[in-house]
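Working notes, beginning with the structure itself.
The values are calculated or read from the model by the stated rules, or taken from the named source; none is laboratory data. Model, not experiment: these values are computed from the prediction. Neighbour counts run over all protein chains shown; Cβ positions are idealised from the backbone, glycine included.
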Amino acid sequence: MNKLILWDIDGTLIYSGGVAGEAMRASMQRVYGSASTEARHSYAGKTDRQIILETFAQRGHAELLSTIDRFTTTYIEELTGRREAFLARCRVLDGVVPALERLTAADMIQSVLTGNLRSVAETKLRTFGLDDELDLDVGAYGTDDDVRANLVPVARRRAAEKYQTDFPARATVLIGDTPSDVQAALGSGARIIAVASGKSTPDDLRRAGAAVVLPSLHDAHAVVRAVLNGDHQA
């Protein structure tokens, strides 16, 4: 139990097939109305609150965030209403389950660091049964802060309080698929294992500063080696 592993969700653990984005856009329309700014084409690496603030940039932050609970409830309604599409178009990415199992067997604490609002993250993970290997109580979510890098100390604090064990920055490992994941790790002193399982290429991830880049999670042994060996590079 000497390491805290924090997984990104979308593009790293699961492929959402665009369903979550559709649900989010429908929820923003219901709660906030039409955006006067140009519609976003990609939510990759952004926290849900950050997406709302950027999409409705002409409106005050306090106004927008005052209804975040209503937005969250609406988002879950929209996502639940698309459950069949979610199951049909979404999938757990190759290698995820073996990687989670091997890290659990190695006595690692595993949770998530995600831009998703907490209840949205839990809905996605439970739909595919991925919550069994993850301690969601010590994760950090888009609910906690707008800025992804600020989520790392949140997760470390929660893990330390629950397990009565300090998880220093270098014992904290983020696993994610976007430059934003890389920047969140580097900005907080944590280690990053970047995985080119989303839209970002290995070169994109290396340019962002990742020293460890895996092509996918398909090789669970490589994932464990990367976690245990900070100098490993694929």
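For segment 174-191, a residue qualifies if it is touching a helix residue (DSSP H, G or I) at 6+ places or on another chain (Cβ under 7 Å) and surrounded by fewer than 24 Cβ atoms within 10 Å (Cβ to Cβ), and the qualifying residues are PRO179, SER180, GLN183, GLY187, SER188, GLY189, ARG191. Can you tell which of VAL112, VAL97, VAL120 is surrounded by 15 or more Cβ atoms within 10 Å (Cβ to Cβ), modelled with pLDDT of 90 or more and not in a helix (DSSP H, G or I)? On inspection, the qualifying residue turns out to be VAL112.
Among the residues making up segment 125-140, those that are under 14 Å from VAL112 (Cα atoms), touching a helix residue (DSSP H, G or I) at 6+ places or on another chain (Cβ under 7 Å) and free of Cβ contacts under 8 Å to residues at least 60 places away in the same chain are ASP131, GLU133, LEU136, ASP137. Of all the criteria given as (1) under 21 Å from TYR43 (Cβ atoms); (2) at pLDDT below 95; (3) among the small types (Gly, Ala, Ser), the one not satisfied by ALA169 is (1).
Does ASP203 count as more than 15 Å from the chain's Cα centre (by Cα) and acidic (Asp, Glu)? Let's see the steps before the verdict.
Numbers: more than 15 Å from the chain's Cα centre (by Cα): yes; acidic (Asp, Glu): yes.
In short, yes.
Figure legend. Inter-residue proximity from segment 91-103: first residues assigned by TED's automatic domain parsing to the domain that holds GLY198, second residues part of a helix (DSSP H, G or I) and of a type in the set (Asp, Glu), beta-carbon distance below 7 Å, spacing 6+ or different chains. Indicated pairs: LEU100/GLU133; GLU101/GLU133. In the set (1) outside any helix (DSSP H, G or I); (2) touching a Gly at 6+ places or on another chain (Cβ under 9 Å); (3) not aromatic (Phe, Trp, Tyr), the condition left unmet by VAL154 is number (1). Check whether at least one residue in segment 53-67 is within 23 Å of ASP137 (Cβ to Cβ) and either in a strand (DSSP E or B) or within 20 Å of the chain's Cα centre (by Cα) (or both), and report yes or no. No - not one qualifying residue is present in segment 53-67.
Within segment 174-192, track down each residue that is under 15 Å from THR114 (Cβ atoms) and in contact (Cβ under 8 Å) with a residue 40 or more places away in the chain. Hits for segment 174-192 are LEU174, ILE175, GLY176, ASP177, THR178, SER180, ASP181, ALA184, ALA190. Looking across segment 123-137 at every residue that is of a type in the set (Asp, Glu) and at pLDDT below 95, the one that is surrounded by the most Cβ atoms within 10 Å (Cβ to Cβ) is identified as GLU133.
Here is a yes/no grid of residues against (1) in contact with a Gly (Cβ under 7 Å, 6 or more places away or on another chain); (2) outside any loop (DSSP other than H, G, I, E, B):
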residue	(1), (2)
ASP131	no, yes
GLY142	yes, no
ASN150	no, yes
LEU174	no, yes
ALA185	no, yes
SER200	no, no
LEU205	no, yes
VAL227	no, yes
